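Written out below as structure tokens is the structure these notes cover.
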Amino acid sequence: MPYFEIIWNEEPGGNVEHIAEHDSIPEDVEEVVFNPVGRDVSRSSGLSIVFGFTPNGRYILVVYEQIDDVTIYPVTAYDVEK
């Protein structure tokens, strides 16, 4: 399991609000980041992505920016088909 420090921005327009627009919460994103079943790079943004299951069993994709070796900033998260 990788270790990351995750930056959460709870201000209006921040990443917490953005993932909420896709029916996810920080705990969903954290579960996938720490226990991914797949990794890739976004074709549209070039950012890193991970795939995995939320605590309630949804399969989501998380797009994040790697700030440094142990710090990430989740940009978005949304459901994907398995």
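A simple rule links phi to the HN-Hα coupling: the Karplus curve 6.51 cos²θ - 1.76 cosθ + 1.60 with θ = phi - 60°, which for the range 37-46 gives 9, x, 9, 6, 10, 5, 5, 7, 10, x Hz, with x for Gly and Pro. Simple rule: put +1 on each Lys or Arg Cβ and -1 on each Asp or Glu Cβ in the chain, find the dipole, and look at 66, 18, 6; the Cα lying farthest toward the positive end is 66. A simple spin-label model places the labels of residue 47 and residue 27 2.4 nm from each other, with each point 7 Å out along Cα-to-Cβ. Applying a DSSP loop filter and a limit of 13 other Cβ atoms within 10 Å to the GluC sites (Glu not before Pro) in the range 5-75 leaves 10, 21.
Converting phi to 3J(HN,Hα) with the Karplus coefficients 6.51, -1.76 and 1.60 and the offset θ = phi - 60°, the range 67-82 yields 7, 8, 4, 10, 10, 10, 10, x, 8, 7, 8, 7, 5, 9, 7, 6 Hz in sequence order, with x at every glycine or proline.
None of the figures in this text is laboratory data; all of them are computed from the coordinates on show. Nothing here was measured: the structure is a model prediction, and the numbers come from that model. Neighbour counts are summed over all protein chains in view; Cβ atoms, including those assigned to glycine, are modelled from backbone coordinates with ideal geometry.
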